Each structure stands twice: as structure tokens, then as C-alpha cells.
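The block underneath contains the structure these notes are about, expressed in C-alpha cells.
The values are calculated or read from the model by the stated rules, or taken from the named source; none is laboratory data. Here the structure is a predicted model, which means the values were calculated and not measured. Here the Cβ positions follow ideal geometry from the backbone for every residue, glycine too, while neighbour counts run over all protein chains shown. Surface areas here come from the heavy atoms of the whole protein model, side chains and all, with no ligands, DNA or RNA. Shrake-Rupley method; radii C 1.70, N 1.55, O 1.52, S 1.80 Å.
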Amino acid sequence: MKYDFDTSINRKNTNSLKWDVKENELPMWVADMDFATAPEIREAIEKRALHGVFGYTVIPDEWYGAYIGWWKTRHSLEIKEDQLIFCTGVIPAISTAVRKLTTPAEKVLIQTPVYNIFFNSILNNGRVVLENPLKYTDGNYEMDFDDLERKLSDPQTTLMLLCNPQNPGGKIWDKATLERVGELCYENNVTVLSDEIHCDLTDPGKNYVPFASVSEKCREISITCIAPTKAFNLAGLQTAAVMVPNAALRHKMWRALNTDEVAEPNAFAVDAAIAAFTKGEAWLDELRGYIFQNKKTAADFIGEYLPQIRLTPSEATYLLWLDCAEITDSAEELSKHIRKETGLFLSAGAQYGSGGERFLRMNVACPRSVLNDGLERLRRGITAYGLT
């Protein structure tokens with residue numbers, strides 16, 4: 001391998017949200033990686049830093065070209081320059097869309113279990129969360145279209161937040177599924193905001209389907225949130241984009257993002273994104289292979305030492321979704337026990353909504369030595385839980 005993913009980097013005392021934990025605790029919860037980003041990106045950031053002046057920044061043509069070229073080459077999606085709007089992050093964009101495209105007390109549909117901050121973006125803005133729980137059968141997730149159609153037909157439902165690929169389950173939605181979602185939303189005048197931030201973290205040989213690429217109806221009703229931050233571990237740089245094909249809808253989002261003051265980049269956000277999408281491909285492909293092997297290592301370990309845990313099949317993300325139903329009715333209680341007994345810090349599934357109550361989420365985007373430590377702590381914690 002050209003790039004090093006095995007070296008463990010000490011992130012303590014760096015104001016890290018993830019690593020601000022007690023001594024001897026191992027955080028494998030929040031979704032950022034413990035790898036240094038691609039050296040090509042670090043070089044671009046260092047070059048910008050050496051300039052020494054960090055004034056207000058505009059969006060250059062190269063930024064648009066980087067997004068357009070990446071999505072065309074990697075995802076076979078044609079994006080026009082005027083369809084892209086810079087944003088400081090996917091979550092600011094989602095919250096902005098909720099405020100601009102819905103009114104207080106209207107319903108915003110989400111498919112649970114799903115990324116927990118979706119709830120915040122809805123509830124904090126005085127809207128109503130409408131859950132369309134995913135069907136969980138034999139360890140696999142599918143959409144419940146009967147329930148979805150019924151809830152989309154409610155005139156109070158005006159926006160749907162789609163997670164594609166799905167977090168926390170790692171599901172890549174296929175074209176037929178997305179097309180059905182688009183048909184139902186189009187028929188019921190529901191806008192779809194598709195969070196596609198994990199799209200570049202698919203397993204080797206797997207490709208995701210951009211919602212806007214599926215059909216003309218999907219294009220016309222969609223707002224797509226994209227970014228280099230998950231794939232290249234750049235979350236702290238606050239750099240993302242919103243892609244909106246429909247001109248009227250795009251104008252609303254452009255005005256809303258500017259009104260919320262989340263459409264202006266910091267001094268490093270543009271250069272980092274350009275470097276990621278123009279020079280980071282080889283690094284990303286090696287990363288995907290490394291994470292895939294981490295997933296396999298975890299699956300083999302769980303299969304051998306923790307057969308009472310069912311590992312949900314994952315095609316994307318670096319997150320493991322652990323079904324602990326044979327162990328407990330409360331994964332929250334279990335996660336607290338594991339942390340107390342072993343120092344391993346995992347996410348409890350209840351925060352992701354209906355269907356997550358018996359699950360734990362584990363982040364495996366780390367050097368293999370750290371992963372092995374985490375798996376051993378998980379084994380010890382589960383064993384001790386059974387003895388209490």
C-alpha cells in the first residue's frame with residue numbers, strides 16, 4: 001500500500017469531540033476517522049496556511065469543477081455549475097431546508113433508524129418528526145412502501161429526509177427503491193432532501209446511486225447534500241455543497257443558505273475540497289479497502305467470540321450496526337455497562353429512532369490495532385454483562 005493506515009495517531013489534547021474521554025477509554029462512537037487525511041489534501045492546506053493571510057474567501061471555478069468532475073467520473077452523475085451551492089456542512093443545509101421549505105407544525109418524514117441529528121434539525125425548528133420505520137427482516141433493511149405512501153399522502157407532510165447510503169445500517173439503496181420513493185414524493189408534492197455524505201465510503205466494487213440520477217421526477221423534487229468531509233476526514237473544516245437541479249427550488253435554497261449565513265467558506269474549506277476531489281482518489285480507494293478489511297476482521301471476531309450478536313450486512317460507511325436483541329432489550333443500558341467495565345464507548349441505538357433500541361453502533365475507521373483492542377473490550381463487556 002502507498003498510504004499508511006496502520007499508524008495510530010494520538011488525538012488527545014486536540015479539542016477532539018470524539019477523544020475528549022477519560023484516560024484508558026476507547027471512543028468508537030462518533031463518525032469521524034482516526035486516520036490522517038490524504039497527504040495531497042494536507043499539502044494543499046499547508047500551502048494555504050503558509051500564505052499567512054486568512055481573509056474572506058470566494059468560491060473559484062476550480063471548486064465547481066472539482067465537484068462536477070468527481071461526480072461524473074465516480075458516480076456517473078452530470079452536474080451543472082449553476083446547480084451547486086457552497087455550504088458549511090450537511091447538517092446546516094438540512095436545518096436550513098427544514099426552515100425554508102416547511103412551516104411550523106408541518107411534518108418532515110424520516111426513515112428510522114437513521115442518523116440522530118435528523119431529529120434535531122426537525123424538532124429544533126418547531127416541525128413534527130414523522131417516522132417511516134424501515135422493515136428489518138433476517139438482518140436486512142427494506143423500505144415499508146405501504147406505510148410510506150400513507151404518510152406521504154398526509155397534506156401536512158411536505159419534506160422527506162432521505163439517507164443514501166443509509167446511516168447507521170450501511171445500506172445502499174438500489175435504483176428501483178429510489179425510483180419508487182421519487183414517484184411517491186412527486187405525486188404528493190413532497191420535496192426530498194437526500195443526505196449523500198457517506199456516498200464515497202462504499203465497499204470496494206460497490207457503487208451508490210445518486211437520488212437525482214434516477215429519474216426526471218427525482219431530479220425535479222430533490223436537494224442533494226454532498227461533501228468530502230466523511231470520505232476524507234475533513235469534518236472540522238466545514239466544507240460541503242448542496243446540489244439542486246430545479247431552478248425554483250435552487251433559488252429558495254440559495255436564499256435560505258445565505259440568510260442563515262452558512263454559504264461562505266473559511267480560508268481552508270475550498271482548497272481542501274478541491275484537493276480531495278482532484279488528487280485524493282488513490283488515497284480514498286486504499287482507504288476503502290482498509291475499512292473493508294476492518295469490517296471483515298470485526299465480522300470474523302464477532303462470529304467466533306460473540307455469536308449472540310448479529311452484525312447487520314453493510315455495503316457502505318465505516319459503521320457497524322450490531323443487533324444485540326439476544327442479549328438485552330436495552331442497548332443503552334448495555335452500552336453504559338460496556339463503557340463502565342471496559343472503557344469502550346459505543347453509540348446506543350435508541351437515539352436513531354424506532355427500531356434502534358436493541359442495537360449498538362461501532363465506528364471501525366481506525367488502525368487495525370485499535371480495532372482489535374475495541375473488539376476485545378466488546379467481548380469482555382458482553383461477557384461481564386451476562387454475569388451480572
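Structure notes:
- The lone criterion from (1) touching a residue at least 24 places away in the same chain (Cβ under 8 Å); (2) within 22 Å of the chain's Cα centre (by Cα) left unmet by residue 17 is number (1).
- Some residue of the stretch 82-92 being hydrophobic (A, V, I, L, M, F, W, C), over 25 Å from residue 31 (Cβ atoms) and without any contact (Cβ under 8 Å) to a residue 60 or more places away in the chain: no
- The stretch 231-257 - residue that is in contact with a strand residue (DSSP E or B) (Cβ under 9 Å, 6 or more places away or on another chain) and aliphatic (A, V, I, L, M) and, of those, most open to solvent (accessible area, probe 1.4 Å): 249
- Boolean, residue 205 is within 20 Å of the chain's Cα centre (by Cα), surrounded by fewer than 18 Cβ atoms within 10 Å (Cβ to Cβ), at positive phi and not polar (S, T, N, Q): yes
- When residues of the stretch 337-388 are limited to those that are closer than 17 Å to residue 10 by Cα, among the small types (Gly, Ala, Ser) and in a helix (DSSP H, G or I), the one least open to solvent (accessible area, probe 1.4 Å): 374
- Exclusive hit being of a type in the set (Gly, Ala, Ser), farther than 30 Å from residue 310 by Cβ, touching a helix residue (DSSP H, G or I) at 6+ places or on another chain (Cβ under 9 Å) and outside any helix (DSSP H, G or I), set 273, 263, 282, 256: 263
- Residues in the stretch 312-370 that are hydrophobic (A, V, I, L, M, F, W, C), over 16 Å from residue 31 (Cβ atoms) and in contact (Cβ under 8 Å) with a residue 60 or more places away in the chain: 344 only.
- Qualifying helices (runs of 4 or more DSSP H) (wholly inside the stretch 11-110; at least 3 residues being at pLDDT 95 or above, within 30 Å of residue 246 (Cβ to Cβ) and open to solvent by 50 Å² or more (accessible area, probe 1.4 Å)): 61-75
- Within the stretch 266-281, being under 21 Å from the mean Cα position of the chain (by Cα) and open to solvent by 10 Å² or more (accessible area, probe 1.4 Å) holds for 274, 277, 281.
- Among the residues of the stretch 164-194, those that are open to solvent by 10 Å² or more (accessible area, probe 1.4 Å) and under 22 Å from residue 121 (Cβ atoms) comprise 171, 188, 189, 191.
- Selection status of residue 306, crowded, with 17+ Cβ neighbours inside 10 Å, over 13 Å from residue 385 (Cα atoms), of a type outside the set (Phe, Trp, Tyr) and touching a residue at least 12 places away in the same chain (Cβ under 8 Å): no
- Of all residues in the stretch 128-142, exactly one satisfies the criterion of being of a type in the set (S, T, N, Q) and under 19 Å from residue 153 (Cβ atoms), namely 132.
- Complete set of residues in the stretch 316-329 that are surrounded by fewer than 19 Cβ atoms within 10 Å (Cβ to Cβ) and either touching a strand residue (DSSP E or B) at 6+ places or on another chain (Cβ under 7 Å) or not in a loop (DSSP other than H, G, I, E, B) (or both): 323
- With respect to the stated conditions, residue 295 is among the charged types (D, E, K, R), farther than 28 Å from residue 45 by Cα, in contact (Cβ under 8 Å) with a residue 40 or more places away in the chain and surrounded by fewer than 23 Cβ atoms within 10 Å (Cβ to Cβ).
- Test: residue in the stretch 40-48 that is touching an Asp or Glu at 6+ places or on another chain (Cβ under 6 Å) and in contact (Cβ under 8 Å) with a residue 60 or more places away in the chain: yes
- Filtered by the rule that a residue be open to solvent by less than 10 Å² (accessible area, probe 1.4 Å) and farther than 14 Å from residue 80 by Cβ, the stretch 211-221 gives 211, 218.
- Looking only at the stretch 111-157, and only at residues there that are of a type in the set (Phe, Trp, Tyr) and open to solvent by 40 Å² or more (accessible area, probe 1.4 Å), the one that is farthest from residue 326 (Cα to Cα): 145
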